[in-house]
Amino acid sequence: LTLPALSLLPSSPVQWRRAGAAVLPEGSAIQQGALVLPRTSLATAGTYSCHSEDGGLLHAVSLRLGYLPGVPFVSCRASDYENFSCSWTSSVETFLPTRYITTYRGNMSPPHLPICRNKKGHVGPCLQDPSHPGTCTVHGSEFWSSYRLNITEVNPLGSSFRLLDVTMQAIIKPDPPEGLVVEPIPLAPRRLHVSWKYPSSWPKEPHFQLRFRLQYRPVIHRSWSVVETVNLSEVITDAFAGLEHVVQVSTKDFLDAGNWSEWSAEARATPVRDPATTASEETTTDASLESLAEEPSQAPNPEPINRSDPLEKMAILVSLGIFAFFVLAAVLVITILIWLRVRKHGKDETKPHNFLVAATHLKALPSESGCS
């Protein structure tokens, strides 16, 4: 890399300096007034100044080093059927000022944008928003349209571009539902009422419907339960009474186009406690307090306190019932097998006796005819 000395004869002696550094980069040399940098790297960048023999400033140059742009990474998403946005990131850090040219070509024309028509369709700008760098938006898109995006990255060394073909059905991804509300239902210990609204960005059109999925769990648990619905409300029927639950909802195009939205913000509620269980606990507590007040203090019970959950007790009872069923079935099968074997043995003993009787009868027949 050569930095020329301007406005001087080649034979004029000059001095080169680098701002912020006491010496020039290693290996640099001055040839006929020009500064030659044989090896350049990002560390070589900076401001270089050329001075006359008496130290006067002749001129200065700012040296910036970097790389050619790489092909950018591009993705597109539509939050409704009327507009879609694309975002991009550079695949190479160029260390140089960079700008982007964003255009699209489609097979239908948005009515309110200036376009340039040609044989391959219409071409228009994908509008960039300075407040959201790295994004652009196509307004007035059509549901059945396909589009080709051209995102071109440009810097002082050159340019590189990415072409991306998109269809609205493939990139539709609604915003999350809004206004999520979760409420306990009075006198229903295991139920929660959940309601929400369409995302405000979704068009209010009867032929553009959404479906929803609901995920919920007790706060103390990790696994989610998920249900799907086409309504704007749902009743959870298997909540745990007295435990706080967390609920979220997401949405997708009714005809299953595109992708599910992100989950909404969390909402929480606690189902009411079972009145019978609460009353039983209060009665037990009152009775225990009264007995403690009437009876003298006793030695501490060395046995551990039974803190088993009623659901666990029910599960144990069910398990014991299943075990007893299989034991009874096994006993019944063994009894039937023994009975069948005894019956077969009895038949086998009867057959020889009948045979002997028949033989004796046949042998006696000739003597009877001789007597006659």
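Under the condition of being assigned to a strand (DSSP E or B) and polar (S, T, N, Q), which residue from segment 32-74 is surrounded by the fewest Cβ atoms within 10 Å (Cβ to Cβ)? Residue satisfying both the conditions and the ranking: Ser62. Out of the residues in segment 196-223 that are surrounded by 13 or more Cβ atoms within 10 Å (Cβ to Cβ), among the hydrophobic types (A, V, I, L, M, F, W, C) and at pLDDT 95 or above, which is farthest from the chain's Cα centre (by Cα)? Residue satisfying both the conditions and the ranking: Trp196.
Against the definition (in the same structural domain as Ser90 (by TED's automatic domain parsing) and aromatic (Phe, Trp, Tyr)), how does Phe161 come out, yes or no? Considered against the rule, which asks whether it is in the same structural domain as Ser90 (by TED's automatic domain parsing) and aromatic (Phe, Trp, Tyr), Phe161 comes out as yes. Any residue at all in segment 164-178 that's more than 19 Å from Ser75 (Cα to Cα) and not in a loop (DSSP other than H, G, I, E, B)? Yes, segment 164-178 has at least one match. Among the residues of segment 151-174, the one identified as in contact (Cβ under 8 Å) with a residue 60 or more places away in the chain and among the acidic types (Asp, Glu) is Glu153. Please tell me if Leu214 is part of a strand (DSSP E or B) and in contact (Cβ under 8 Å) with a residue 12 or more places away in the chain. Yes, satisfied. Does any residue of segment 246-257 turn out to be in a strand (DSSP E or B) and surrounded by fewer than 17 Cβ atoms within 10 Å (Cβ to Cβ)? Looking through segment 246-257, at least one residue is in a strand (DSSP E or B) and surrounded by fewer than 17 Cβ atoms within 10 Å (Cβ to Cβ).
The number of residues in segment 79-127 that are modelled with pLDDT of 90 or more, of a type outside the set (A, V, I, L, M), surrounded by fewer than 18 Cβ atoms within 10 Å (Cβ to Cβ) and part of a strand (DSSP E or B) comes to 6.
For segment 179-194, filtering for residues that are crowded, with 16+ Cβ neighbours inside 10 Å and touching a Ser or Thr at 6+ places or on another chain (Cβ under 9 Å) leaves 8.
In segment 8-31, the residues that are farther than 12 Å from Ser49 by Cα reach residues that are modelled with pLDDT under 85 and of a type in the set (D, E, K, R) with C-beta atoms within less than 6 angstrom, at least six apart or across chains, in these pairs: Pro13/Glu53; Gly27/Arg39.
The values are calculated or read from the model by the stated rules, or taken from the named source; none is laboratory data. The structure displayed is predicted, hence computed values, not measured ones. Here the Cβ is made from the backbone with ideal geometry for all residues, glycine too, and neighbour counts use every protein chain on show.
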